[in-house]
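To keep things clear, I will list the structure first and then write my remarks on it.
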Amino acid sequence: MTARRWVVAVLVLVLAAIGGWALFVRSTRPDEPGSFYAPPSPLPDGPPGTVIRSEVIDGFLPGATAYRVLYTSTGYDDRPAAVSGIVVVPDGAPPAEGRKVIAYTHGTVGVASRCAPSLVTREDQQPLLFEGGADLLKAGYVVAASDYQGLGTPGPHPYLVGRSAAMNALDAVRAAHNLEEAHAGKEFAVWGHSQGGHAALFTGQLAASYAPDLDLAGVAAGAPVPNLKELFAVNIRTTIGRVLIAMALRSWSAVYADAGIDDIVTPAARPLVARIARNCLYDQRQILASVPAALALKLTFLRTPPWEAEPWKTIIERNTPGGSPTDAPIRIVQGDADPIVAPDVTARLVDKLCAQGDEVDLQSLRGVGHLDAGHQAAPDVVRWIADRFAGRPARSTCR
């Protein structure tokens, strides 16, 4: 049997196995978004952050009331867009000046519309609650957690498109302020892990120019997606890495008009990429649903490395954080056993931020990998945020 026929035969077997997993995959998917997520046409008048509609999420967390919100923002194409999310309000009387706000930016959950975190009510699957949400609410903060454009609302979702995620996060803070029940002020901090760390860094970069009406106190980023070129080059060798790269390529081919996925991905791999892009990643069962397709991508995937070909090369450079300074202290948390976001790549990102004048504190978590970094860092991040709101000096590891 020739090498080519061997690859085809293996792919056929893998695809057959994937088909046998169809019932399993369907059983792990969140519900499809309902009518709440359908944007009105035209969108209502008003600035970004205008609340289109809201509803209470029953039983989200004791001691707080969670509101599912649909609000206006700016899309990846710079046009007005509807974005969904959650605003969680702690019980009790608010302070006279209004509650301080946390813009929570979630990590990778998928790129399909049904993967929106606001659709997830199980405590063991909700990213916010895994990464310190309960402690933030106990501290008296309102949490504004954007789904990001295309999650919940109709796609595409601009995965790892930094400017888009930042605008959505900043407008979620505005939406919290505009939601009367929240009694939210305009002082905020941002916290996120992985894709959310990437979004948090871009939120810091963009805050002064896009949302000068808001007051940024600090940016906390756990294992943020740093240099995308290095991230892709390393993760193309791993199963979970190929899942993330497949999602990114599928998303970017829909978001950027000149990015044709056929120029990058082999014909045999295209249905596998499409299948991965339909899955969500909330728990181990959902992650496992993407494993057969990711294993098949080890046999055939890229025709050309996207970090070497245009327009993909420019897209990667444009969405690498650190392009402009942040007018607030930054805390970056990195596990030293992280196989996805390598510690040395994060260290180079910190050097870049320090060189442009940012005030950065890098914290290393000994023996911690990627998936647990946000959870392990959360208690310290809550304390760090409290210090920023209190106006205490921030520690910096910049030389």
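Is it fair to say P321 is part of a loop (DSSP other than H, G, I, E, B), out of contact with any Lys or Arg (no Cβ under 6 Å at 6 or more places or on another chain) and not assigned by TED's automatic domain parsing to the domain that holds T239? Here the answer is yes, as P321 does meet what is asked. Taking only pairs six or more apart or across chains, which ones have beta-carbon atoms under 6 Å, a first residue in segment 319-336 that is free of Cβ contacts under 8 Å to residues at least 40 places away in the same chain, and a second residue that is surrounded by fewer than 22 Cβ atoms within 10 Å (Cβ to Cβ)? Correct list of pairs: D336/P343; D336/S364; D336/R366. Against the criterion of being out of contact with any Leu (no Cβ under 9 Å at 6 or more places or on another chain), crowded, with 16+ Cβ neighbours inside 10 Å and either assigned by TED's automatic domain parsing to the domain that holds I236 or modelled with pLDDT of 95 or more (or both), P329 qualifies.
Within segment 76-102, the set of residues being closer than 23 Å to L216 by Cα and surrounded by fewer than 19 Cβ atoms within 10 Å (Cβ to Cβ) comprises D78, P94, P95, A96, E97, G98. One residue alone among A145, A220, A207 is outside any loop (DSSP other than H, G, I, E, B), within 16 Å of A103 (Cβ to Cβ), out of contact with any Ser or Thr (no Cβ under 9 Å at 6 or more places or on another chain) and among the small types (G, A, S), and that residue is A220.
Scanning segment 243-296 for residues that are in contact (Cβ under 8 Å) with a residue 60 or more places away in the chain and either at positive phi or among the small types (G, A, S) (or both) yields A248, S251, A254, A268, A277, A289, A293, A296.
Can you find a residue in segment 353-363 that is among the polar types (S, T, N, Q) and crowded, with 23+ Cβ neighbours inside 10 Å? There is no residue in segment 353-363 that is among the polar types (S, T, N, Q) and crowded, with 23+ Cβ neighbours inside 10 Å.
The values are calculated or read from the model by the stated rules, or taken from the named source; none is laboratory data. The structure displayed is predicted, hence computed values, not measured ones. Positions of Cβ are generated from backbone atoms using ideal geometry, with glycine treated the same way; all protein chains shown enter the neighbour counts.
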